[in-house]
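Report on the following structure.
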């Protein structure tokens, strides 16, 4: 079955991409993803200035998924652009550049800078563990609106907003995000792990984001609800560990799906598994991908 | 169960000002194979990847060099104090690849080679080591190597013990006389690069356990990437075949904590 799909006018060879932050901070890693059959690559969230990220422990596996507080390490947008520019021609799939701005002017400058490289910009409005970035930006509705507008003004291609998994906050802000072209739903949930013998939180940042299995039904519910509230395309992300998990996202209304933490368990071959699983399912159910999207909704 | 396995520091020596050999008693077993690593945590300081020199039967031995906040805390840890461990992570040296092993160890990187030496002697595989350091007191595992291996070639850069010079100085002639099937190496990156070059030239199977900035230890975050293939030291490694390393940026560049490409000196 045909897996080619479109998001805001961008053609994808299949509806699967990596989630930002996962194997996406260098060109060599993005190339590995491309070879692994992704429909598009999403870069690590890039900030205006260089960030070292937090001290370890930064990523741990727990019973119901994974916790991370990497602290958005990245070499800064200028350095990243330099690296990406050198190899732009080697990418046959769309590059979605994720940016994590803290204020509108810098957001616009970053967006403009990636104009010739990126097929779309994904704005990280939801990292739950970084000061003045991500979720802290999202919690300021006016700031969020202004950042989205500035990115849109500086970038003539689609702009996606990556949202947190918190229903009330998301539904409260969604109308003021009218400037953007699609939603990425959702980022991780603010969470914690304590070691009972050390008697201390494990992550050096104490708080982190919960991803993996536990996140899937939560993101799924939000995708379902947003699908009825907005006409914009939705990219589902959260705890996808198999093609079945991904199919649930399509049924709920996602036009594409991102995967992240599952790479710990299954490695980069997960993308092949997703593509083959979805193809087989569509064939067996005699349905197209387009028809599948949002099918779980009444009428 | 606690998330980490707790270890109590039972024995400690400081062969050098900035180097400690730490022996922990663990609450539970960690079985680490030579070349693999564990993540070693001290709350409020940080967590670092370390490749042990011994790790089984609820005992763990680490050689730690003070190169940052967390390793500094480890080097200065007092007897009876606790540290916390998880793992093992990554792949390990192949100890059934041949009948004759040449081990090449440099300075404080010698820990996994010592574990390999012990395991090879238990497997009755013929093995010798070339062991080098700046000065005599840098050869902290000299006694242990002598215990497990029939031949130890010691090298010091200042000539205070053994042969005068670096470990790679007589590598070619030792290869010529010993004719190893396999070469295993750990140590400073430039030293390993040299060992690999000589191994590859001689068409001898070679493995190196390498160091990069490891954060997630799970093959997810990409901080430990080995260019240009995008291999992940934390999961695809830390042990890599010499043929892979020689065609990579190993010995040339690595990624900083932010992901910036920096030159290795």
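No value in this document is a laboratory result; all are computed from the given coordinates. Source: prediction; values computed, not measured. Heads up, the Cβs are rebuilt from the backbone with ideal geometry, glycines too, and the neighbour counts pull from every protein chain shown.
Normalised by 2.2 N^0.38 Å, with N the number of residues, the alpha-carbon radius of gyration of the range B:5-89 equals 0.95.
The Kirkwood radius of the range A:123-247, taken over pairs of alpha-carbon atoms, gives through the Stokes-Einstein law at 37 °C and 0.692 mPa s a diffusion coefficient of 213 µm² s⁻¹.
Calculated from the alpha-carbon coordinates, the range B:93-209 shows an Rg and a Dmax of 12.6, 36 Å respectively. Result for chain B in a Gaussian network model with C-alpha springs under 10 Å: among B:74, B:145, B:161, the largest mean-square fluctuation is at B:161. Here the spin labels are modelled as points 7 Å beyond Cα on the Cα-Cβ line, and at residue B:157 and residue A:109 they lie 4.2 nm apart. With neighbour counts taken as other beta-carbon atoms within 10 Å, the residues B:41, A:243 rank, fewest first, as A:243, B:41. Rg and Dmax of the range B:212-265, both derived from C-alpha coordinates alone, stand at 10.3, 28 Å. Look at the stretch A:47-58: the mean tally of other chain Cβ atoms within 10 Å of its residues' Cβ atoms is 6. Per-residue mean of foreign Cβ neighbours for A:186-197 is 2 (Cβ atoms of other chains, 10 Å radius). Of all the C-alpha pairs in the range A:225-299, what % are more than 20 Å from each other? In whole percent, the long-distance tail amounts to 30. Give me the Debye-computed log₁₀ of I(q)/I(0) at q = 0.07, 0.12 Å⁻¹ for the protein assembly as shown, equal point scatterers on Cα only, no solvent, two decimals. For the requested q values the scattering log ratios are -0.45, -1.11.
Among B:225, A:148, the ranking by other beta carbons within 10 Å of each residue's beta carbon, starting with the fewest, stands as A:148, B:225.
Remark: C-alpha extents of the range A:216-265 on the principal axes read 34, 16, 15 Å, sorted largest to smallest. Working note: Cα gyration tensor of the range A:20-105, eigenvalues times five, square-rooted, sorted largest first, giving semi-axes of 23, 19, 11 Å.
Size check on chain B: the Cα extents along the three principal axes, sorted descending, read 51, 40, 35 Å.
Taking label positions 7 Å along the Cα-Cβ direction at both residue A:62 and residue B:143, the computed distance is 4.5 nm, reported to one decimal. Label-to-label distance for residue A:221 and residue A:266 is 2.4 nm, based on points extended 7 Å past Cα in the beta-carbon direction. In terms of surrounding Cβ atoms within a 10 Å radius of their Cβ, A:215, A:295 rank from fewest to most as A:295, A:215. The mean number of Cβ atoms from other chains found within 10 Å of a Cβ in peptide A:267-274 is 1, as a whole number. What the Cα atoms of chain A give is an Rg and a Dmax of 17.9, 54 Å. Mind telling me which of B:132, B:106, B:222 comes out most flexible in a GNM of chain B, alpha-carbon contacts under 10 Å? Of the options given, B:222 has the highest mean-square fluctuation.
Here the mean projected area of the convex hull built on the C-alpha positions of the range B:45-111 is 6.1 nm².
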